[in-house]
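Since the structure comes first, as structure tokens, the remarks are kept for the end.
The values are calculated or read from the model by the stated rules, or taken from the named source; none is laboratory data. Note that the structure is predicted; figures quoted are calculated from it, not measured. Glycine also receives a Cβ, built like all others from the backbone with ideal geometry; neighbour counts cover every protein chain displayed. Accessible surface areas use protein heavy atoms only, side chains included; no ligands, DNA or RNA. Shrake-Rupley method; radii C 1.70, N 1.55, O 1.52, S 1.80 Å.
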Amino acid sequence: MSVTLQSSDKQDFSVSMEVARQSKFVKNIIDTRKDAESPIVLEEVTGDVLAKIIEYCEHHKNGPLVNDDEHEVEPQRSDNILPWDKQFMEVDQDMLFKIMLASKNMDIKPLLDLGCKTVANMIRGKSAEEIRTMFDITDEFTDEEKEQSLKENEWAEAHKQD
């Protein structure tokens with residue numbers, strides 16, 4: 001049995017129930033809707049992003065569903081990404097953040113976690129200035145405000161050096 005997911009730009013994707021149910025959002029719609037034939041419209045997900053999400057869900061459809069917070073017993077680590085998942089996330093920044101936002105909206109926790117791990121690995125070991133450059137973040141503080149912040153947080157810097 002399959003279900004049709006429709007993106008915000010009106011692209012239809014026919015997917016198996018196993019794939020569709022990896023999204024808690026979609027699963028809840030499937031479980032409660034009366035018209036099983038009409039497409040499930042994902043108003044905040046474009047077709048290109050939905051295609052990537054379906055690719056991820058298709059790959060993981062036979063794996064364990066780790067979409068429940070209560071099953072999470074170990075702290076999250078960013079250095080344990082499976083090779084397929086790592087290659088899957090080798091996309092430009094715009095697509096990476098669109099996948100993360102869509103996985104949050106669709107409630108696909110494993111994919112959101114993967115996106116967060118990917119970003120964590122991108123910024124690991126980088127200075128604040130390098131991170132601002134990487135993500136095109138403008139520095140809104142004046143030199144005086146930066147100096148004031150450093151003075152107010154001297155204790156943190158002293159603790160780092162211990």
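For residue 10, the accessible surface of its heavy atoms amounts to roughly 140 Å² (probe 1.4 Å, protein chains only, rounded to the nearest 10). The three principal axes of the C-alpha atoms in the chain carry coordinate ranges of 63, 35, 29 Å, sorted with the longest axis first. Remark: the residue 104-residue 91 segment gains 2.9 nm on full extension, using 0.36 nm per residue and subtracting the alpha carbon distance.
Pairs of Lys residues in the range 89-150 that lie 8 or more places apart, or on two chains, and have C-alpha atoms under 16 angstrom apart add up to 5. Charge tally around residue 22: other residues with Cβ under 10 Å, Lys/Arg +1 each, Asp/Glu -1 each, net +2. Here the contact order of the chain, divided by its residue count and restricted to Cα pairs under 8 Å and six or more residues apart, works out to 20 percent. Spacing of the modelled spin labels on residue 134 and residue 82, each 7 Å from Cα toward Cβ, amounts to 2.5 nm. Accessible surface for the chain, divided over its residues, is 68 Å² per residue with a 1.4 Å probe. Note on the chain: helix-only mean residue ellipticity at 222 nm, from DSSP H runs of 4+ residues weighted -39500 (n - 2.57) and normalised by residue number, equals -15500 deg cm²/dmol. Shown for the chain: the carbon plus sulfur share of the solvent-accessible area, taken with all protein chains present and a 1.4 angstrom probe, equals 51%.
Excluding the site residues themselves, the longest part of the chain lacking any GluC sites (Glu not before Pro) in a DSSP loop with at most 15 other Cβ atoms within 10 Å is 91-139. Treating r as the C-beta distance of residue 16 and residue 141 and R0 as 45 Å, the FRET efficiency rounds to 0.35. Taking the C-alpha atoms only, the angle from helix 143-152 to the longest principal axis of the chain is near 90 degrees.
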